[in-house]
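Values in this text are rule-based calculations from the coordinates and carry no lab data. Keep in mind that this is a model prediction, so the values were computed, not measured. Neighbour counts run over all protein chains shown; Cβ positions are idealised from the backbone, glycine included.
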4 protein chains.
Amino acid sequence: MYTTIIAPRVSDTDAVGHINNTVPPAWFEAGRADLFAEFRPDRSLENWPLIVKKYTITFDHETVYGRDVTVECRVASIGRTSLVLHETIVQDGRVSVTGEVVYVHVGEDRRPTPIPADIRERLTSQLEEDHV
Amino acid sequence: MYTTIIAPRVSDTDAVGHINNTVPPAWFEAGRADLFAEFRPDRSLENWPLIVKKYTITFDHETVYGRDVTVECRVASIGRTSLVLHETIVQDGRVSVTGEVVYVHVGEDRRPTPIPADIRERLTSQLEEDHV
Amino acid sequence: MYTTIIAPRVSDTDAVGHINNTVPPAWFEAGRADLFAEFRPDRSLENWPLIVKKYTITFDHETVYGRDVTVECRVASIGRTSLVLHETIVQDGRVSVTGEVVYVHVGEDRRPTPIPADIRERLTSQLEEDHV
Amino acid sequence: MYTTIIAPRVSDTDAVGHINNTVPPAWFEAGRADLFAEFRPDRSLENWPLIVKKYTITFDHETVYGRDVTVECRVASIGRTSLVLHETIVQDGRVSVTGEVVYVHVGEDRRPTPIPADIRERLTSQLEEDHV
């Protein structure tokens, strides 16, 4: 599991008074930085190999300004060329938002290409840890 | 159907070269402005009656800077206290992103409350037009 | 002068109730799209030739959700390798925000390089129109 | 001085390849969270007492994805009803962006009102520390 602490910003709130519903996708993407580094140890974005295919965001409770959130990112399943992540935003000890995202691994031609064996192995072992 | 033209911004792109995956939720929310006005003809945000419960974003093609997109928002179904919208982002004549969002209608106490009859009627007639 | 109509989004507001102070830079950048096209008629962003050196944003009045704004962008002065723009956000017939931005024109090596003569000429004639 | 560590996000980059010029205002606002708490120990945003009057952002070097930045926020001067902050974004040990922002302290009627004596005192002592 990858864990990232984020401080909600005033600019993340909206006039309704809470964190705007368009913000969690950016927090979740931020929470994938160390996962991205498995594919790109130098953290460069050139010829980026991961394309978002789909994501779902579910709101269980309001998220508010003033208290840090924890973004948790778990590898849920690994296909030949794809990757599913389960993500949660936790504030005040409870889950306020959950997410699921499907990535496709692509080559320089932007077409699906198998996830390299060494990365697959590291992600699989992590997947198992999360499910112990 | 509500139709909104949006010009992608440089700030909507990312270093991978296309519109970043976190941007469509903001475009879709922008595409609901006239739907929101059914609930709030004066377009004020005080005691805002619509809360996002869940949304799904699916990416079919890259969206790029330099050419306008059309955001289409259709009422897909209307429950007693909830509302489902189907949304698409169209660029260069083809759908690049689709979305589905579920809203819950709430009262001042932030608890689900029935969608008022007159609004339900207007949305229902629109739903039917879209399905002719 | 370049004129762009923008509909403020719910996601542009903050919990204080108005458009958040971090939003105008994105609106101003959006208002430069046609100016950018003078440098890049195909609107591609590869080897992008304009780098922001500095900008100032001044708030005269609150900008609010619910009513379109007009972003006006004027060429204020043209140097050998730089460009100054004066920008305003107008809502309800009055200026709510003003901006000034300084761009440096760069080559593929990211170093300052003279603005091409033909672009300089078009921008200069426009500058004169704005000052008639 | 208030110091905040921020991890640049993929969504903060643009197709030019670096952090987009519209992002630093949000990072600087994030870097003021503990200053804001001087005015609002409970970190609520209701009847928010600080309004941005003006800010200037200067770009010295590109800021890039992949390495944390430090946002430093210093109280530069304190007027009767206003406050000037000097801010820097530091990446890889050098300043990449500097900012100056002017806030006006307002009452519930949104009109300028003196900064309370106790807050002024705390900010003044901090101002002096920064200049030792």
Condition check for A:ARG67: over 25 Å from D:SER44 (Cβ atoms) and of a type in the set (Lys, Arg) | no
How many residues, within the stretch C:16-39, are in contact with a Phe, Trp or Tyr (Cβ under 6 Å, 6 or more places away or on another chain) and more than 18 Å from C:ARG67 (Cα to Cα)?
-> 2
Determine which single condition D:ARG67 fails, assuming it passes every other condition in (1) more than 22 Å from C:ASP14 (Cβ to Cβ); (2) outside any loop (DSSP other than H, G, I, E, B); (3) of a type outside the set (Ser, Thr, Tyr).
-> (2)
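The rows are residues; the columns are (1) in a loop (DSSP other than H, G, I, E, B); (2) β-branched (Val, Ile, Thr); (3) more than 9 Å from chain A (Cβ to nearest Cβ).
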| position | (1), (2), (3) |
| --- | --- |
| D:ASN21 | yes, no, yes |
| D:GLU29 | no, no, no |
| D:ASP34 | no, no, yes |
| D:LYS53 | no, no, yes |
Members of the stretch C:95-120 found to be surrounded by fewer than 12 Cβ atoms within 10 Å (Cβ to Cβ) and either under 24 Å from D:THR22 (Cβ atoms) or of a type in the set (Asp, Glu) (or both), listed by number | C:GLU108, C:ASP109, C:ARG111, C:ASP118
Restricting the stretch A:73-94 to residues that are of a type in the set (Ser, Thr, Tyr) and more than 17 Å from A:ALA26 (Cα to Cα), the one surrounded by the fewest Cβ atoms within 10 Å (Cβ to Cβ) turns out to be A:SER77
Test for D:PHE36: is it in contact with a Lys or Arg (Cβ under 8 Å, 6 or more places away or on another chain) and closer than 22 Å to D:PRO112 by Cα = yes
Read through the list (1) within 30 Å of B:PRO41 (Cβ to Cβ); (2) free of Cβ contacts under 8 Å to residues at least 60 places away in the same chain, then give the number of the only condition that C:ILE89 fails.
-> (2)
In the stretch D:36-51, which residue that is under 13 Å from D:VAL106 (Cα atoms) and not in a loop (DSSP other than H, G, I, E, B) is farthest from the other protein chains (Cβ to nearest Cβ)?
-> D:PHE39
When the stretch C:70-80 is checked residue by residue, the ones that are touching an Asp or Glu at 6+ places or on another chain (Cβ under 9 Å) and assigned to a loop (DSSP other than H, G, I, E, B) are none
Before we move on, is D:ALA37 crowded, with 17+ Cβ neighbours inside 10 Å and within 22 Å of A:ASP14 (Cα to Cα)?
-> no
Show the residue pairs that are 6+ apart or on different chains and have beta-carbon atoms under 9 Å apart, the first residue being within the stretch B:1-20 and within 20 Å of C:ILE51 (Cβ to Cβ), the second being part of a strand (DSSP E or B) and among the small types (Gly, Ala, Ser).
-> none
Between a first residue in the stretch B:26-50 that is in contact (Cβ under 8 Å) with a residue 12 or more places away in the chain and a second residue that is aromatic (Phe, Trp, Tyr) and assigned to a helix (DSSP H, G or I), which pairs have beta carbons less than 8 Å apart while being 6 or more apart in sequence or on different chains?
-> B:PRO49/B:PHE39; B:LEU50/B:PHE36; B:LEU50/B:PHE39
Inside the stretch C:14-34, the number of residues satisfying the requirement of being under 11 Å from A:THR13 (Cβ atoms) and out of contact with any strand residue (DSSP E or B) (no Cβ under 6 Å at 6 or more places or on another chain) is 3
Taking the stretch A:81-96 as the region of interest, how many residues are farther than 18 Å from A:LEU35 by Cβ and either touching a helix residue (DSSP H, G or I) at 6+ places or on another chain (Cβ under 6 Å) or assigned to a loop (DSSP other than H, G, I, E, B) (or both)?
-> 2
Within the stretch A:1-19, the residues that are among the hydrophobic types (A, V, I, L, M, F, W, C), more than 7 Å from chain C (Cβ to nearest Cβ) and closer than 17 Å to D:ALA26 by Cβ are A:ILE6, A:ALA7, A:ILE19
Being buried (at least 18 other Cβ atoms within 10 Å of the Cβ) and either touching a Ser or Thr at 6+ places or on another chain (Cβ under 9 Å) or charged (D, E, K, R) (or both) narrows D:ASP42, D:ASP12 down to just D:ASP12
Test: A:ILE78 is touching a residue at least 60 places away in the same chain (Cβ under 8 Å) and more than 8 Å from every other protein chain (Cβ to nearest Cβ) = no
Got at least one residue in the stretch B:55-72 being surrounded by fewer than 19 Cβ atoms within 10 Å (Cβ to Cβ) and on the phi > 0 side of the Ramachandran plot?
-> yes
